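Visitor: Have a look at this one before I ask anything.
The values are calculated or read from the model by the stated rules, or taken from the named source; none is laboratory data. Since the model is a prediction, treat every value here as computed from it, not as a measurement. Here the Cβ positions follow ideal geometry from the backbone for every residue, glycine too, while neighbour counts run over all protein chains shown. Each accessible area value is taken on the protein alone, full model and side chains, heavy atoms only, with ligands, DNA and RNA left out. Shrake-Rupley method; radii C 1.70, N 1.55, O 1.52, S 1.80 Å.
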Amino acid sequence: MAKRENMKNDEAFDNELGESVISINRSAKVVKGGKNFSFGALVVVGDRKGRVGYGYGKANEVSDAIRKGGESARRNLVAVPMHGMTLPHEVEVKFGGARVLLKPASAGTGLTAGGAVRAILELAGVQDVLAKSLGASNATNVAKATFKAISMLRDRDSVLERRGMTAAEAK
């Protein structure tokens, strides 16, 4: 009986999550009878409260690929450390040929980013940030670079904890 309650909670949590399809890739396999097409979908899922994830789903139909990507993204949610409605500090990351630069911005600046970076930060709930995608424009690598950048972010409390200090000692 407790398991059913957990499933209801999971369904309620899934309903809170927003979903965005970043890219859809079509692939063709040439066979004797012609071409067989398959699709890959890069999907980002987030609750706009500091949790976001991405997934890549592949299938013979676009809708199935998007569904699989969404399921994968829900399994890979990560927490985004935030300072108010922006990021705690600047970070620049490279993944493959893609480089992503994320800078905190003052309140009211808005989300200045494009493509995959914008979709990810929007679904994470970050409202004030300056971001730039440099190098390759491959949506998958840009998304992976953005998640690598998010994983490198540290809030003030975790840094002080690692140094073995309290907030009062830091002042």
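Visitor: Are any residues in region 135-157 in a helix (DSSP H, G or I) and closer than 22 Å to residue 24 by Cβ, and if so, which ones?
Guide: Residues of region 135-157 that are in a helix (DSSP H, G or I), as a first pass: 139-152, 156-157.
Correct list: 139, 140, 141, 142, 143, 144, 145, 146, 147.
Visitor: Are any residues in region 116-143 in contact with a helix residue (DSSP H, G or I) (Cβ under 9 Å, 6 or more places away or on another chain) and among the charged types (D, E, K, R), and if so, which ones?
Guide: Selection gives 132 alone.
Visitor: Shifting gears a bit: How do the pairs read when you match residues in region 103-119 that are over 23 Å from residue 18 (Cα atoms) with residues anywhere that are surrounded by fewer than 16 Cβ atoms within 10 Å (Cβ to Cβ), using Cβ under 6 Å and keeping only pairs 6 or more apart or on different chains?
Guide: 103/90
Visitor: Restricting attention to region 123-134, report how many residues are in a loop (DSSP other than H, G, I, E, B) and either farther than 23 Å from residue 73 by Cα or open to solvent by less than 70 Å² (accessible area, probe 1.4 Å) (or both).
Guide: 3
Visitor: I'm trying to understand the selection: among the residues of region 135-159, which are in contact (Cβ under 8 Å) with a residue 60 or more places away in the chain, more than 15 Å from the chain's Cα centre (by Cα) and open to solvent by less than 70 Å² (accessible area, probe 1.4 Å)?
Guide: Scanning region 135-159 gives 155, 158.
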